[in-house]
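Notes follow once the structure below has been shown.
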Amino acid sequence: MDNCLFCKIIKGEIPSAKVYENGKILAFLDINPVNPGHTLVIPKTHYANLVETPEDVLDEMIRAVKKIASAILQATGAEGFNLGVNNGKPAGQLILHTHFHIMPRRAGDGLKHWPGKPYREGEMAEVAEKIRGEL
Ligand code: 5GP
Ligand code: ZN
């Protein structure tokens, strides 16, 4: 994809701080990290988002996540990590090239989980039924 920032990073047209690479996957530091070591894991082939990414590519991505996350914890001394996907613009996806965020975490680092809100009476069963109907 000519106008894709991550494709340009893959081609080396834009510099990046690479941490891992194999035949199918590239991982590099996010330029605007929630904590130092925040890493983006992307396939070397362009897919717009997670849903459009073939299963075999997702397998490779999650295997890379497991390997790289352990290295990030060792290297940064972080005590845990969040694995994030923003799928689609309403969910905050800015770069339309599928990617996982690995975000190293420490107790008391100030990052907050997303807020939850309760279902109204009967809504939970209704929503679950609708989703099951689509599967
Ligand atoms: P999204 O919101 O699409 O899930 O996340 C895109 C991420 O890409 C953001 O966290 C942003 O900081 C990161 N990013 C945007 N431009 C660049 C860049 O030029 N280089 C690197 N390394 N990361 C970038
Ligand atoms: Zn791309």
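From Thr53, Thr45, which residue is free of Cβ contacts under 8 Å to residues at least 24 places away in the same chain, within 16 Å of ligand 2 (Cβ to nearest atom) and either out of contact with any Asp or Glu (no Cβ under 9 Å at 6 or more places or on another chain) or open to solvent by 60 Å² or more (accessible area, probe 1.4 Å) (or both)?
Thr45
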Looking at (1) in contact with a strand residue (DSSP E or B) (Cβ under 9 Å, 6 or more places away or on another chain); (2) more than 10 Å from ligand 1 (Cβ to nearest atom), find the lone condition where Cys4 falls short. (1)
Being in a loop (DSSP other than H, G, I, E, B), open to solvent by less than 70 Å² (accessible area, probe 1.4 Å) and away from ligand 2 (no atom under 16 Å from the Cβ) is the filter here, so list the residues in the stretch 76-110 that pass it. Gly77, Ala78, Gly92, Asp109, Gly110
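Residues in the stretch 26-36: is at least one open to solvent by less than 40 Å² (accessible area, probe 1.4 Å), away from ligand 2 (no atom under 13 Å from the Cβ) and either acidic (Asp, Glu) or more than 16 Å from the chain's Cα centre (by Cα) (or both)?
Looking through the stretch 26-36, at least one residue is open to solvent by less than 40 Å² (accessible area, probe 1.4 Å), away from ligand 2 (no atom under 13 Å from the Cβ) and either acidic (Asp, Glu) or more than 16 Å from the chain's Cα centre (by Cα) (or both).
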Looking at Leu73, Leu40, Leu58, which is the one that is within 19 Å of Phe6 (Cβ to Cβ) and open to solvent by 30 Å² or more (accessible area, probe 1.4 Å)? Leu58
Looking only at the stretch 86-115, and only at residues there that are basic (Lys, Arg) and more than 20 Å from Phe6 (Cβ to Cβ), the one that is farthest from ligand 1 (Cβ to nearest atom): Arg106
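The values are calculated or read from the model by the stated rules, or taken from the named source; none is laboratory data. Since the model is a prediction, treat every value here as computed from it, not as a measurement. Don't worry about glycine lacking a Cβ; one is built from the backbone with ideal geometry, like all the others, and counts go over all protein chains shown. SASA here: full protein model, heavy atoms, side chains in, ligands and nucleic acids out. Shrake-Rupley method; radii C 1.70, N 1.55, O 1.52, S 1.80 Å.
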